1. Would you mind putting 63-73, 183-193 in packing order, based on average other-beta-carbon counts within 10 Å, highest first?
2. Cross-link list LYS133/LYS229; LYS165/LYS291; LYS229/LYS303; LYS234/LYS324; LYS133/LYS234; LYS133/LYS165: which exceed 30 angstrom alpha carbon to alpha carbon?
3. Applying a 10 Å radius around every beta-carbon, put 209-215, 140-146 in order of their mean neighbour count, most first.
4. Taking LYS240 as the anchor, which aspartates and glutamates have their alpha carbon closer than 18 Å to its alpha carbon, excluding any fewer than eight residues away along the same chain?
5. Of all the accessible heavy-atom surface of the range 296-381, with the other protein chains kept in place and a 1.4 Å probe, what percent is carbon and sulfur?
6. Based on the alpha carbon coordinates of the range 134-186, what radius of gyration and maximum Cα-Cα distance (Dmax) apply, in Å?
7. With all protein chains present and a 1.4 Å probe, how do VAL151, VAL28 order by accessible area, largest first?
8. Please give the peptides 394-407, 307-320, 227-240, 153-166 ranked by average Cβ packing (other Cβ atoms within 10 Å per residue), highest first, as a rough proxy for protection.
Amino acid sequence: MCYNIISSMEIKKHHKLTSWQFIALGYVAVILIGSFLLSMPISTRDGSWTPYLHSLFTSVSATCVTGLAVYDTYIHWSIFGQFVILLLIQIGGVGFMTIITLFSLLIRRNIGIYERRILMQSSGSMRATGVVKLIQRIIFWTFIFEGAGFVLLSIRFCADFGFIKGIYLALFHSVSAFCNAGFDLMGVIGEGASLIPYATDPIVNLTIMALIFLGGLGFIVWTELIDNKFNPKKLSLHSKISIWASSILVLLGALCFYLIERTNTLEGLNSFEALIVSLFQSVTPRTAGFKSVEMADLTDSAKLLISSLMFIGGNSGSTAGGIKTTTFVVLIFGIVATARGNTDIRIGKRRLDICLLTQACTILATYLIAIVTCTIIICAVEPYSLTAVLFETVSAMCTVGLSVGITGELGSLSLILLMVLMYIGRVGIITLALAFFEKRSNPPLQRPLEKILIG
């Protein structure tokens, strides 16, 4: 009897999902529910059934806070469909485990150790203690930031579209911007318009940029900033790197965009308007996906610049995608450390373990392999240029949503590949690797050491 009880406990323990598997499969569940709802006639304006592949693509794009779309969100989807997309964006942005925790707290259910481990991985926290309090603060400040954006955007949209529609547009775009999703309802002006009609509007641009920046900064970073009353000396190294890297990338990206496009898309704008447009094109590749100029009209140099910014993305533990700014910084300082023969990475008066460089290189290599592989396949089956396809695959993998306008014209295979890239980009390479390839124990065996030539 005792043996049977122990055996059943071992089987139950063996079949229990790890925290990484729970996160990976949780996103799949949310995507499938969303795709079913979006395929129904109630989700479209004309009451027709949406092809399931297109519904699935939209659900993946919304849940993975990307923004790539096969249909114009305002023109194709009904109010119900738009609400489903908005809900998927919010769940994907703050993390589905955050939403589950919110409901658990509302019904006064205790959060167990197993759930706390999942929350720690989902929120990007480095320790399990205080993770529930962190989730509470994430929920609180998410609504504060989105609420502030909603109020500011309402000023412009209510004046342009009337009170009811203006309120609705402000709410949708505030959530979409903070969650770095890039879905928009500007089809009310014209199909695929995005924020081009407001390219030089300071209220809309500055509000959207602030929401994108805050969303891409990371939950850990802005809770640290608030706790320490914005005193930079009290911040952790992670937060300092995140803030400095993000700020430098935005300013440098804006300067480069202005220099490249001043005789193209920026021609005819005054200095202030050119500054606003340049800043916006530097902020939005942090995985937001809004556009205030037509991507197809950019020079190849500008497209490559934006692709590079998309590839780096935002910060770890945020709503943004890409390899992350901290990964990029570790790679840069890791190259310096390797060149100097150091056994660790030194940043300021702190040092990082060299194993972080291995993880950063793994993320970089995986992203490059996935993007190049999918680009080759899509180029082989689609009639579009390498530049257009590469822009699309980088945008999908890094969950950005910017496009040169080919998403809606792609075939089934290409859409499936983009969905895979979006899912990998949102869930994360490390999460997927640990979810499906994590070893339970290391064998007590060490292989013989050998050397090979590299470089």
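The values are calculated or read from the model by the stated rules, or taken from the named source; none is laboratory data. The shown structure was predicted, so the numbers you read here are calculated from the model rather than taken from an experiment. Here the Cβ is made from the backbone with ideal geometry for all residues, glycine too, and neighbour counts use every protein chain on show. We work out accessible area using only protein heavy atoms, side chains counted, and drop any ligands, DNA or RNA first. Shrake-Rupley method; radii C 1.70, N 1.55, O 1.52, S 1.80 Å.
1. 63-73, 183-193
2. Numbers: LYS133/LYS229 18 Å; LYS165/LYS291 21 Å; LYS229/LYS303 38 Å; LYS234/LYS324 23 Å; LYS133/LYS234 20 Å; LYS133/LYS165 36 Å.
Distance filter (> 30 Å) returns LYS229/LYS303; LYS133/LYS165.
3. On the way: 209-215: 24.4, 140-146: 15.9.
The packing order, highest mean first, is 209-215, 140-146.
4. The reachable aspartates and glutamates, counting only those whose Cα sits under 18 Å from LYS240, are GLU224, ASP227, ASP353.
5. Summing carbon and sulfur atoms, their accessible area is 64 percent of the total for the range 296-381.
6. Reported Rg and Dmax, both Å: 11.7, 38.
7. Ranked list, largest accessible area first: VAL151, VAL28.
8. 394-407, 307-320, 153-166, 227-240
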